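Step one of this worksheet: look at the structure below.
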Amino acid sequence: MRFLLEQFEKYREEGMAAHKAGRWAEARDNLFKAAEYLLRVAKESEGDMRARRMENAQKLLALAKSIDPTKKGRVEGRGARDEAGGTRPEGRGQRDEARGGGEEEGEDAKRWVVTKKPDVRFDDVAGLEDVKEVIRRRVIYPFQHPEITKRYKKKAGGGVLLYGPPGTGKTMIAKAIATELDATFFSVKCSDIMSKWVGEAEQNLKKLFDAARASERAVVFMDETEAIVAKRGGDSTVMNRVIPEFLAQVDGLETGGSTMLLLGATNRPWDMDEAALRTGRFGELIYIGLPDPAARLWMVRRALEGIPMADDISLEDLAQRLDGCTGADITGFVDRAKDLPYEREIVESKPSRLEKADLDATLARTRRSVNAALLAKYDKWREVR
């Protein structure tokens, strides 16, 4: 919940600052995102706190929907700031620009196209050799060798879900796939779709998939997949409309003359609707776990390459001591450790180097972002797949 609250505060502050400055499109986007994160916080809260957070999230949604992003000058109207930082709009509502039309509808899909292929290859992804092999066999080879794929009656495209703890490289793997494939790459953060087009996400899903089908070969990468196919059964009328539309679009992946790969990424697979995890939808589930010792050693070697270091530093020992860290944890650890000799050299005006004591001190302050309880939750979920 801490992460969700931090994201809520970040987007709320950015949204309110943009609103005050009259940057309407920026304000609208950030306030929608703030509301989406606060709604997720509310669902994990209890009692009066849950109700208050739900109310404040609705106020933020109302404020965001009242903003006309094309308007110049101040948006008129009175509002009362609540304790979440939102505002209750009164009187004059504004046109919801998300509805758009005509030429603007085409732009909705174009904004997701990655015009420059990511400069990441599988060799840049540490470890995960078994995962890479599965992805090559299920994803890359069918795209690169269509005739052989056809002869063996294998299918190109379809749906693949990458899941696992945050910071383990799911997005990086998606970028590596985009580099390997000569395909149009659509990159979508599902929470952005839900927050920007409240009440219209299903129409925009259709636009996205229509644009992907118009390409001869396409990869649609959907990050935070659980945000758009959360379990049904609650009181969310939005989700009850969005999920059937999503499933309908995914069921039609193999129709038409194009080949499309749907690539999802999530930290919370247990929050996804079971219907989305069936064969023919996200039929291939690939777990991206914590880096093993060899992968950790590769990461620290690469991160410290060319850095002046003391002779008594053992990178093999350091890799062992980083057990339980994600790739993101290791990157952050190395950056903080390098700060110490960097600052010494500036302050003392003489050459310095990374000392073992620097690594020890930094490691003592390093907190693993993934705990044993979360890993056990992934193991339990994998057992029933």
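Read-outs throughout are calculated quantities, based only on the coordinates presented, and are distinct from any laboratory measurement. It should be emphasised that the depicted structure is a prediction, and the values quoted were computed from it without experimental measurement. Please note: Cβ atoms are built from the backbone with ideal geometry, for glycine as well, and neighbour counts cover all protein chains shown.
Taking the centroid of alpha carbons for each part, the range 164-179 and the range 322-378 are 22 Å apart. Ranked for footprinting exposure by Cβ neighbours inside 10 Å, fewest first, V160, V220, V347 give V347, V160, V220.
Relative contact order of the range 1-70: 35 percent, from C-alpha pairs under 8 Å at least 6 residues apart in sequence. Of the listed pairs K132/K170; K132/K207; K154/K380; K43/K377, which have alpha-carbon separations greater than 22 Å here? Violating the 22 Å limit, Cα to Cα: K132/K207; K154/K380. Sorting Y163, Y11 from the fewest to the most surrounding beta carbons within 10 angstrom yields Y11, Y163.
Of interest is the spacing of the C-alpha centroids, which for the range 1-53 and the range 256-314 amounts to 28 Å.
Tell me the trypsin sites (Lys or Arg not before Pro) within the range 119-162 that lie in a loop according to DSSP and have at most 15 other beta-carbon atoms within 10 Å.
Numbers: sites: R121, K132, R136, R137, R138, K150, R151, K153, K154, K155; in loops: R121, K153, K154, K155.
Those that pass, being in a loop and sparsely packed, are R121, K153, K154, K155.
Taking other C-beta atoms within 10 Å as the exposure proxy, I140, I243 rank I140, I243 from fewest upward. Note that the range 324-329 has calculated 3J(HN,Hα) couplings of x, 8, 7, x, 5, 4 Hz, one per residue in order, obtained from phi through the Karplus relation 6.51 cos²θ - 1.76 cosθ + 1.60 (θ = phi - 60°); glycine and proline are x.
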